[in-house]
Amino acid sequence: MSENYNFEEIEKKWQKIWEERGVFEVEEDPNRPKFYCLEMYPYPSGRIHMGHVRNYSIGDVIARFKKMKGYNVLHPIGWDALGMPAENAAIKHGIHPKKWTLDNIDYMRSQLKKMGFSYAWSREVNSCLPEYYKWNQWIFLKMFEKGLAYRKMSWVNWCPQCRTVLANEQVIAGRCWRCDSEVTQKKMEQWFLKITAYAEELLSGHAQLSKWPEHVLQMQRNWIGKSTGALVNFEVPDLQKKIEVFTTRLDTIYGATFLVLSVEHPLAAELIAGHPKKDELQEWIARTIAEARLKREAKDEEKVGYDTGIKAVNPFTGELIPIWLANYVLMDYGTGAVMAVPAHDQRDYEFAVKYGLPIRQVIAPASSEVKVEEGKAFESHGLLINSGPFTGLSSEEAMDRMAAYAEEKGFGRKSVTYRLRDWGISRQRYWGTPIPIIYCAKCGIVPVPYEQLPVEIPSQAEFTGEEGSPLEKVPEFVNTTCPKCGGPARRETDTMDTFVDSSWYFFRYCSPKEDKMPFRPDKAKYWMPVDLYIGGVEHAILHLIYSRFFTKYLRDLGLTNVDEPFPHYLAQGMVTKDGSAMSKSRGNIVDPDDMIKTYGADALRVFILFAAPPEKEFAWSDEGLEGCFRFLQRIWNLFEENYDLFKETEKLSEEKQDEAAYQRVLKKLHQTIKKVTEDIEVRFHLNTAISALMELVNTLRKEKDILRQSQKGREVLRQALESLVLMLSPFAPHVAEELWERTGHKTLVAETPWPVYMPELATEDVVTIVVQVNGKLRDKFEVSLDTEEEVLKTMALELPRIKEILAGKAPKKVVCVKNKLVSLVV
C-alpha cells in the first residue's frame, strides 16, 4: 500500500538523526582536502526572513555537495548579536538587550534547524557573550600597542535618531544606513583604527580576488580612492605660513587662479580673523560643518564660498591668488585645500563663474578632432599652453617634469593619497563591546591589562534614548582604579562599532572554544581561507573591507598566514515580492515558518534555489513554491511505484527488451550527473541543476513502464533512481534521506559519495543555430539537439549582437526552425 509524502514527519525524523549522530561536526584531517563554506552570520532580529533562507540554502547545497565529493567540510553558523536594535527594544518594550537577543537567538536557531541546514552546531559563536567580545578587546589592545588604535578630536557623522556616531561607510547619500535619518556633523573625541595603513594592500590584494564580482571590486576601489599626483606648497605671506595642496593635475597649475580651502581646514579661523564680515563667516562655517559631508560633495549641491581677503603665492607663476573658503572642499580628502583651475575642472569652473573669478586656459586639445565646449571646463589631457617653460609638453610629460622641478626647488614632490579614512569605531551605545581603556588624571590614557579582560557590559543600565552612552550613567562601571598608579580613574564609556565583531568571526569558527587567544593559529592554518563566502552585495564596502583589513593585521600579528580571508565571494541577489524588496513596512513579507508548515522545508529550499540563479534577484511566487512541492511529490510517487526494484532477488522469467529506451535513459542519466555536478561545482547555477533533475524525473516517468519489462531495463531504472536521490539530496535533503533508507540503504545520503558520470555517455548532442535579421546572417549559437522552438527564440533575442541591432524594439516576426535557425523580421 502506497504512503503519502508526509514532509512534516520526515523532516523532523532526519533533523533528529543528523543532530544525534553529529553528521556535520568536523575536525581537522590533513589526509583529506578541506572546504570551508560560510554564509554571512545573521543579526538575531527575532525571525529568519526569506533573504536568510536563500543565502543559507545556497551555502547548504555547496557544503553538502562537497561533503559527498570527499571534502572535509567546515560549515559553521553563529550570531552577529551586538547592536542597536536590541537597545531600541529595551527603550521601547522594557526588555533587557541581553534577554531580547538570547531569546531571538533561541527562536532563530530552531528555525534554521527546521530548514535542515548542515551546520556544525558545536562551533556556534555568539558575539554578545564575553567569551567572544573579550577577543575584540584583545585585538584592540594589540592595535593600540602598534599605534593602529588611537584617539583624537574629530568631526564625526552623527545620527540624531540613533543618537550615535557613524563611520563614513555607514552614511549612504547623506543618510544613516540603519534608520535613513539625515546625518549631521558633530565634534567629539573618538577612537579610530588605522585602516589607512593598509590602503595600498587593500587595493593590491584585489589581484588575489579573481572570483569576486567585478562590480564589488570596483566599489571597493572607488571607496579606497587611490590618487597619484603631487603635493605643492603655496606660501601665504600675510600669515608667514604655507598651504599644502594635493593635485592629480599638476600640468594645470599655471591655470590655478585661486585656492579653495575646506571650512574645517586648520587655517580657516586664522584666515578670517581680520575679515570685516567675520561674524557672518563664522555663522556660515558652523552651518556648513553641520551639513552631512556626502551632501556637501554632491555634484548638484550649490557651491557656496567666501573670499578670505588673504592671498597665496602660486609657486610656478609667482602670482598672488586669492584664498577662498567653500562648501565643496572636504577636509577628509587630500589636504583639505585645492588649487582651483576653473578652465580645467568643472566644479572650479562653476564656482569661478558664480563669483567672477579669472578663468585661464593652460591645456589645449592634442588633436583637432577634440573640441573645447563653450561654457564647460576642458578636463581632458592635452598639450600645455600659457605654461612658461613647460608650454608645448603633453600633460603626461609635464606632470613628471613639473613634479621634479617642484622637488628640486623645495616646494613640492610626487605623492599618492587615498580617499579612504581611518575607521572611527566609537559608539555612544550600551549593547556593544566596551573599549578597554582607562583614563587617569595622573597617568593619562591607560590600556586595561590583558589579565583583566574581558571588560564586561554591565548588566544594569538605564535605557532612556537620551543622548550619550547609557554606560556613562552606571557608576559601578565608570569608576575604577588605574592599573598603573592605583589611583582613582574612569573607564571609557564608548563601545565599539559592531562591525568589529564581524571583522574576524570567521577565524573564531576554526577553534570556537579557545580561551588563551582569539583562535588557534594551527587550526586556522588548516581551515583558512574561507573557500566560499556567500552574502549580500550591500556588504561590499563595510564588512568586506573591514574583514580584509583585520585579516591583514592578524597576519602581521603572526596569528595567520592568510592575506585574503575570502578568495571566492558569491554575492546573492535579494528576494522581492510584488516588484519590491520584502519588508514589514511594505507589507509584503512571506514568513518561512508558514511556508515550512504548508509545504515543508525541502519544497521551500528547492523553490528558492530554482526560480533564479544565486546572484540574480529572486521574485517570490506562491505558485512557484506549489510547483516545487508537486515536483517532490512526483519523485515520491515515482519511488512508491518502483520500490520492488530494490527488493527483488529473482530475475524476470520473461523479458520484453527495448534497447532504445535503455540507451535513452542511460544517456540521460549520465548527462544529468555531468550537468548537475558542473552546475554546482563550476558554475553555481543551482537553478539549472534543479531543472536538469526535473528533466530526468520526466524521462524516468515516461520510460519506466517499458524499462520494467526487462532485467536490463530494471537495473538502469534502479541505478537512475539511486543517482536521482543522491543528486537531489543537497537541495532537498530530508526527502532524499527518507527515500534512500526506504530503498534499503544502511548509510546516510549525506555520507554517501556523489555519483560519477561516464564521459562517453554524458556527451550532449549539440547543433549550431544561425540567427538571421531581415534575411542576413547576424549571429549563431549552440544548443542541445531538439531544443524547443520557444527556447531558441528566447536565446536568440538575448544575444548581445542581436540586442544591439534591435535597439530595444520588438521584432515584427520570429520564425524558428528546430535544429537550424531563428529568423527575425524588423
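The values are calculated or read from the model by the stated rules, or taken from the named source; none is laboratory data. Quick caveat, the model's predicted, so the values are computed rather than measured. Here the Cβ positions follow ideal geometry from the backbone for every residue, glycine too, while neighbour counts run over all protein chains shown. Side chains are part of the model used for accessible areas, which takes the heavy atoms of the whole protein and leaves out ligands, DNA and RNA. Shrake-Rupley method; radii C 1.70, N 1.55, O 1.52, S 1.80 Å.
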How much accessible area per residue does region 1-103 have, counting only protein heavy atoms and a probe of 1.4 Å, in square angstrom? 43
Counting only C-alpha contacts under 8 Å and six or more residues apart, can you give the relative contact order of region 284-422 as a whole percent? 15
With label points built 7 Å along Cα→Cβ from the Cα atoms of Val770 and Glu379, find their separation and express it in nm. 4.7
Among 337-349, 239-251, 726-738, 101-113, how do they line up from the highest to the lowest mean number of other beta-carbon atoms within 10 Å? 726-738, 337-349, 239-251, 101-113
Whole-Hz Karplus couplings 3J(HN,Hα) for region 732-745, θ = phi - 60° and coefficients 6.51, -1.76, 1.60, Gly and Pro as x, run 10, x, 5, 5, 5, 4, 5, 5, 5, 5, 5, 8, x, 7
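I want the local charge near Asp238. Using Cβ-Cβ distances under 11 Å, sum +1 for each Lys or Arg and -1 for each Asp or Glu among the other residues.
Numbers: positive: Lys241, Lys311; negative: Glu235, Glu270.
Taking every other residue near Asp238 into account, the sum is 0.
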By the mean-Cβ-within-10 Å protection proxy, highest first, 446-453, 698-705 rank as 698-705, 446-453
In units of 2.2 N^0.38 Å, the Cα radius of gyration of the chain is 1.16
The relative contact order of region 1-121, taking Cα pairs under 8 Å that sit 6 or more residues apart, comes to a percentage of 36
If amide H atoms are built 1.01 Å from N in the plane of the peptide, which residues on other chains or at least 5 residues away come under 5 Å of the amide H of Lys34? Asn72
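At a Förster distance of 45 Å, what's the computed FRET efficiency of Met758 paired with Lys793, Cβ-Cβ distance as r, to 0.05?
0.85
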5 angstrom amide H check on Asp238, placed H, neighbours 5+ away: Lys311
Using a simple spin-label model with points 7 Å from Cα along the Cα→Cβ vector, what separation in nm is obtained for Val826 and Glu648? 5.7
Using the alpha-carbon centroid of each, what span in Å lies between region 145-192 and region 627-686? 59
Rounded to the nearest Å, the spacing of the alpha-carbon centers of region 695-712 and region 299-345 is 79
What is the distance in Å between the Cα centres of region 536-576 and region 450-479? 31
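Full extension from His93 to Ala660: what is 0.36 nm times the residue separation minus their Cα-Cα distance, to one decimal in nm?
Once the chain is fully extended between His93 and Ala660, it gains 197.1 nm.
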So what is the relative contact order for the chain, in percent, with contacts set as C-alpha pairs under 8 Å and at least six apart? 14
Whole-percent carbon and sulfur share, accessible surface of region 524-590, 1.4 Å: 50
If the chain between Gln346 and Asp238 were fully extended at 0.36 nm per residue, the gain over the current Cα-Cα distance would be 35.9 nm
Taking R0 as 35 Å and r as the Cβ-Cβ distance between His745 and Arg683, the FRET efficiency 1/(1 + (r/R0)^6), rounded to the nearest 0.05, comes to 0.75
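May I ask for the net charge around Cys482, where only other residues with Cβ less than 12 Å from the Cβ of Cys482 are counted and Lys, Arg are +1 while Asp, Glu are -1?
+4
Please report the net charge: other residues with Cβ closer than 13 Å to the Cβ of Ile437, K and R +1, D and E -1.
0
Restricting to the chain, compute how many DSSP beta bridges are antiparallel as a %, nearest 5. Before the final figure, lay out each step's value.
Details: 74 of 97 bridges.
For the chain, the DSSP antiparallel bridge percentage is about 75.
Could you provide, to the nearest whole Å², the per residue accessible area of region 503-646 with probe 1.4 Å?
On the way: 5170 Å² over 144 residues.
Dividing the accessible area of region 503-646 by its residue count gives 36 Å².
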Under the Karplus curve 6.51 cos²θ - 1.76 cosθ + 1.60, θ = phi - 60°, whole-Hz ³J(HN,Hα) for region 335-343, x wherever Gly or Pro sits: 10, x, 9, 10, 7, 8, 10, x, 6
Once phi is turned into ³J(HN,Hα) by the Karplus curve 6.51 cos²θ - 1.76 cosθ + 1.60 with θ = phi - 60°, what whole-Hz value does each residue of region 130-141 show in order, with x for glycine and proline? x, 5, 9, 6, 3, 7, 4, 5, 4, 5, 4, 5
Please work out how much length the chain gains when fully extended from Arg520 to Lys584, using 0.36 nm per residue of separation minus the C-alpha to C-alpha distance, in nm with one decimal. 18.9 nm
If you fit an axis through the alpha-carbon atoms of helix 789-798 and take the longest principal axis of the Cα set of the chain, what angle between them do you get, 0 to 90°, nearest 10? 10
Give me the angle, in degrees from 0 to 90, between the Cα long axis of helix 395-409 and the longest principal axis of the Cα atoms of the chain, rounded to the nearest 10. 50
Can you list the residues, at least 5 places off or on another chain, whose amide H is less than 5 Å from the amide H of Val773, using H built in the peptide plane? Arg778, Leu824
Leaving out ligands, DNA and RNA, and with a 1.4 Å probe, what % of the accessible surface on region 207-333 is carbon or sulfur? 50
Heavy-atom accessible area per residue, region 692-737, 1.4 Å probe: how many Å²? 28
Quick check: at a probe of 1.4 Å, how many percent of the accessible area of region 693-826 sits on carbon and sulfur atoms? 51
Just read off the accessible area of Met517 with the full protein assembly in place, 1.4 Å probe, to the nearest 10 Å². 50
In deg cm²/dmol and to the nearest 500, what is the mean residue ellipticity at 222 nm of the chain if only DSSP H runs of at least 4 residues count, each as -39500 (n - 2.57), divided by the residue total? -11000 deg cm²/dmol
Calculate the spin-label point distance for Glu27 paired with Asp591, positioning each point 7 Å from the Cα along the beta-carbon direction, and give it in nanometres. 4.3
How high is the FRET efficiency between Lys211 and Glu3 when r is their beta carbon distance and R₀ equals 41 Å, given to the nearest 0.05? 0.40
